[in-house]
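See structure below.
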Amino acid sequence: MAAEGGRAKPVTQSRMENFRKVRTSEEESPLPFPDLPPDVVEMKVKEGSKIRNLMNFAMAQMELKGRRQIVFSGCGRAVTKTITCVEIMKRKLGGLHQVTKVRYKTLLEVWENQDPLPGSGAQNLTVHKNVPSICILLSRDPLDPNQTGYQPPEPRHGLEPQLGQAAEDMSGSSSKGLKRPLPPPHEELLTKKLQVQVSDGQRASGSTDHQADHHH
């Protein structure tokens, strides 16, 4: 019985390992900012989102389509990436008012049993997870400075010119390092070097002859 009791745990554990997460959804909730225009763009940042793709779309909305406001939101492991996108946009555009709201969101995870018991049908588990969430509003127009989470505009730093200049400097230094020929040796140094080599050679030859004569 003890042996059978010891085998029960691996069986239970193996059954749990047969569950695979098949779907994750977020609980829908309104944005925590009052008086937003109905057509405001919300950039929903996911854990697997590419920052380049997010920023290309967001910058097109703000620059090409003349949007006055945009919202970045993310939860769980996407919070850090959400903040990164906001900082990039603030440096590129400049003069943006910001309001940050932190809250909790509910994620619904559906786990499906890959090895159900005979005759029991599909066996799914639904897991509710509360994870931290962040919503950041960026606005060209002034916002209420007295509301919680407000940050005034920062001076425009010009991220792209800085990055471009840095890349150009690195490229220039690397190309110079690759294309620059080795400097020719000075004649004076070359002469001294040859003299030293000749002197060493003569000494080596003399010592060799001396050793040879001594051997005989």
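So here's what we get for this one:
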{"read-out": "Flag for Lys105 being within 21 Å of Thr148 (Cα to Cα), assigned to a helix (DSSP H, G or I) and basic (Lys, Arg)", "value": "no"}
{"read-out": "Residue match in the stretch 42-63 (condition: outside any strand (DSSP E or B), surrounded by fewer than 16 Cβ atoms within 10 Å (Cβ to Cβ) and aromatic (Phe, Trp, Tyr))", "value": "yes"}
{"read-out": "Search result, residues across the stretch 124-138 that are under 30 Å from the mean Cα position of the chain (by Cα) and surrounded by fewer than 20 Cβ atoms within 10 Å (Cβ to Cβ)", "value": "Val127, His128, Lys129, Asn130, Val131, Pro132"}
{"read-out": "Within the stretch 75-90, tally of residues that are under 14 Å from Pro132 (Cα atoms) and open to solvent by 10 Å² or more (accessible area, probe 1.4 Å)", "value": "7"}
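The values are calculated or read from the model by the stated rules, or taken from the named source; none is laboratory data. All values derive from a computational prediction rather than experimental measurement. Neighbour counts are summed over all protein chains in view; Cβ atoms, including those assigned to glycine, are modelled from backbone coordinates with ideal geometry. Ligands, DNA and RNA are stripped out before the accessible areas are found, and what is left, the full protein with its side chains, is counted by its heavy atoms. Shrake-Rupley method; radii C 1.70, N 1.55, O 1.52, S 1.80 Å.
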